[in-house]
Each structure stands twice: as C-alpha cells, then as structure tokens.
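The values are calculated or read from the model by the stated rules, or taken from the named source; none is laboratory data. Please read all numbers here as calculations on a predicted model, not as lab measurements. Methodologically, a virtual Cβ is constructed for each residue, glycine included, from the backbone with ideal geometry; neighbour enumeration extends over all protein chains shown. Ligands, DNA and RNA are excluded from the accessible area calculation, which covers all protein heavy atoms including side chains. Shrake-Rupley method; radii C 1.70, N 1.55, O 1.52, S 1.80 Å.
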Amino acid sequence: MEIRHLRYFIAIAEEGKILQAAQRLNIAQPPLSKQLMMLENELGVKLFERHPRKLVITEEGKLFYQRAKEILEFIEGSIAEVKELASGTRGTLSIGTIASLGAELLPSRVREFRKQYPNICFQVWEGDPNRIMELVENRVVELGIVRLPVDNRLFETLSLPEEPFVAAMSPQWNIGGDRPYIRLAELKDKPLMLLRRQKGTSDYYNHPLYTSDIVGTACIQQGFEPNIICESSDITTLLNWAIHDIGITIVPKSAMKLMPNANLVFKEIREPVLMTRPPVLIWLKRRYLSSISRKFIDYLPVNAQPQAPSPGADRGG
C-alpha cells in the first residue's frame, strides 16, 4: 500500500462517487475504480457498499478513513516540520478571531512578535465564534480566538484573560453623568441592543443567545425584564446603531477598540459586574502545530487557570 492509495480512498470517501473523486484527483475514473478494488482486496474488507447513484461507506471504511487521515496529517506535518528546520522561521500564520478580541489582543502582540520574527506574514479572518471554529476545523486557519463553548473533542484550548461587559451609548443616553460606571438597574426600561451568537452549520455549534442570555438573566435577578429592541451577531452593527442614538448596546470591553474615534460613551456595568463568556485560543487536536504558531502562542496573555471542558459543546450535544 502506498501513500497515494490513502489519498485516493480519502477522496472517494469524501466525494461519495468515483467520478467526482477522479475529477478532484485529476485522474481517469476507470483506474481509480481499479485502485479501490485493489485496496479492498489487499485489506480483505469491503470499504463501500455500491449503489446505483452513490457509494455508501461501511463501518470498516469509516474506521479506515479516520486512520488514513491521521496518517496523512502526520506525514504532512513531519514534512512541514523538517522544511521549517531547514529554512528557518519564515512563512505565513493564519489566525481566525472574533472582532472584539482581535482588536484587543492581536495588534500589540503582532507588533512585538514581528520585532523578533520580521519574516513572518499574517492572514487574519474575522467572524462570529461558530465561523471561526469552522475555519479552524476546515484547516483554513491554524489558530482561532473565540469564546466558549467549543467542541472539546475537536479542539485544544488555551484560556485567555476574561473581561467584563460594558454599556456603549451616545452622549444622549449618558446614564450616570461623569461616573465611569452604571448600575445594571439603571438600564431598566432603556432600549437595549444585544449581541447574539449566530447558529453554526453543525449541531454542536447551536447554542443559546450570547449576550442576551447573560444580560437577560442578570436583569431578571435584579427584578426587571430587559427592554431588548435589537439582537445582532455583528458587533459593529450594534455600535453603529448606538452612535445613531437608537439605543444602548452591551458589548465586551475589548469592543471599545473597534471604533476608537466614535462618539460613544463606554461605562462598565456594576451591581452586578457582568463577565463575558471566557475567551480561548483554539487549534485542532492531533494536528501538527507549526513552529510559527507555537512561537506566537508564547506572545499571548494566558490565564493561569486551565480551561475546564465544556460538556454541552461536544459533538451532538
């Protein structure tokens, strides 16, 4: 069995049809069909059930698919590691991040990192937490900066410093005058605009509302129902609406750096203090992590406490 046979099998398993797999591999269909039959004969098991319109992978095929992926990733990782050792630390680091944490964490860390490693370039992708997890899972980016929950079966996590929520408002809504904070009870009957977590494409990414559930629960505990006039998965939309006097938005403190020149008043919320979901750095489990990524992780501020698993975020949960 050769490495190319593993690549052939993986393509067939992922495409579900010989023709599409052949087109993906840029080879003819008949030789690919023959290679599959030879592989099954060599293993002594049937990897696919043949149906008129598609191939259905067997249980044995599913196990072989997982092992084939692991073998190829190990080989590719080993090759990349050897090349890095031979050529020195240079290349491109791809990072996915939610907007607020990217604005807070990345600029100063990237600046310091490039002082030490000036030949490193960056590709940065932004999106909501589910989008970033999908980018990491699909290997579009190597590192992701998101908030919990995440799927602990898929990702390694490293805890980052937590942060509070703040109320962002135009001068028209400047509650509390010169005070640098407001009490949660002072938001009673005020038009609130809250951040929600967009549903992902996978079942285990579908979680309750993000800011809405935290703020809503805290308001009820303070004896009032919040007057929520808008929910959005785009934090810049909420800040922009706040600039236009539509209402008061509650966002992570790091979001203050997203619009530094905006005419907004930011005040921390007290009595009680509202904390965001814990932020984490994520990368795929059992995948080679480039030396560039490992070095960059050393530049990130890390919580002293290890992140506990999130049972509700496991696959299918």
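General remarks:
- Among (1) at pLDDT below 90; (2) outside any helix (DSSP H, G or I), the one test that Lys46 misses: (1)
- Test for Phe74: is it among the aromatic types (Phe, Trp, Tyr), farther than 30 Å from Asp298 by Cα and surrounded by 13 or more Cβ atoms within 10 Å (Cβ to Cβ): no
- Candidates in segment 26-53 are the residues that are touching a Phe, Trp or Tyr at 6+ places or on another chain (Cβ under 9 Å) and more than 20 Å from Arg67 (Cβ to Cβ); of these, the one that is most open to solvent (accessible area, probe 1.4 Å) is Ile27.
- Any hit, segment 109-120, residues being closer than 30 Å to Pro272 by Cβ and not basic (Lys, Arg): no
- Remark: pairs (first residue in segment 94-113, closer than 19 Å to Lys295 by Cβ; second residue buried (at least 17 other Cβ atoms within 10 Å of the Cβ) and polar (S, T, N, Q); Cβ separation under 8 Å; 6+ apart in sequence or on different chains) = Leu105/Thr97; Leu105/Ser254; Leu106/Thr97.
- Residues that are at pLDDT 90 or above and within 20 Å of Leu300 (Cα to Cα) number at least 2 in the following strands (runs of 3 or more DSSP E) confined to segment 228-290: 279-284.
- Checked against the criterion of being without any contact (Cβ under 8 Å) to a residue 24 or more places away in the chain and out of contact with any Gly (no Cβ under 6 Å at 6 or more places or on another chain), the candidates Pro118, Pro129 yield just one match: Pro118.
- The single condition from (1) part of a helix (DSSP H, G or I); (2) at pLDDT below 90; (3) buried (at least 18 other Cβ atoms within 10 Å of the Cβ) that Gly216 fails is (3).
- Evaluation of Tyr299 against (1) open to solvent by 50 Å² or more (accessible area, probe 1.4 Å); (2) modelled with pLDDT under 90; (3) not in a helix (DSSP H, G or I) (one fails), failing number: (2)
- Looking only at segment 15-25, residues that are open to solvent by 70 Å² or more (accessible area, probe 1.4 Å) and free of Cβ contacts under 8 Å to residues at least 12 places away in the same chain come to 3 in all.
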